[in-house]
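Every read-out reported here was derived from the displayed coordinates using simple, explicitly stated rules and does not represent laboratory data. Keep in mind the model is a prediction, meaning the values are calculated, not measured. Note that each Cβ is placed from the backbone with ideal geometry, even for glycine, and that neighbours are counted across all protein chains shown.
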Amino acid sequence: MIRYTVAMSVRMVCIVLGVFTQGVLMWVFFALAIFLPYFAVVLANAQGAPKESTSRAIAPKITIKADQFKFDD
């Protein structure tokens, strides 16, 4: 979460710098501000394989026979 926050802070700096600069540098800052969220999300979601020490929930299996159903007319 810290990496994402840092990336979004850098994005805000790029937007501000893009507003106050001109020429090619302005386009570079705006391009970084546009594409940085994609890379930030990819980096935030790239956590690797889950650890084996985590517990896994197992759903119970329920069997209901046909004669146990009741229909109200």
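Structural remarks
- Rounded to the nearest whole Hz, the Karplus-based 3J(HN,Hα) values (6.51 cos²θ - 1.76 cosθ + 1.60, θ = phi - 60°) of the range 4-21 follow the sequence 5, 5, 5, 5, 6, 5, 5, 4, 5, 5, 4, 5, 5, 5, x, 6, 9, 10, with x at glycine and proline.
- Listed values for the range 57-67 are Karplus-derived 3J(HN,Hα) couplings in whole Hz (6.51 cos²θ - 1.76 cosθ + 1.60, θ = phi - 60°), namely 7, 10, 6, x, 9, 10, 10, 10, 7, 5, 6, and x replaces Gly and Pro.
- Spin-label zone in the range 5-19 - amide nitrogen under 15 Å from a point set 7 Å from the Cα of PHE30 along the C-beta vector: 14-19
- Listed values (1) 63; (2) 66; (3) 59 include one computed from this model; for percent of Cα pairs over 17 Å apart that value carries the label (2).
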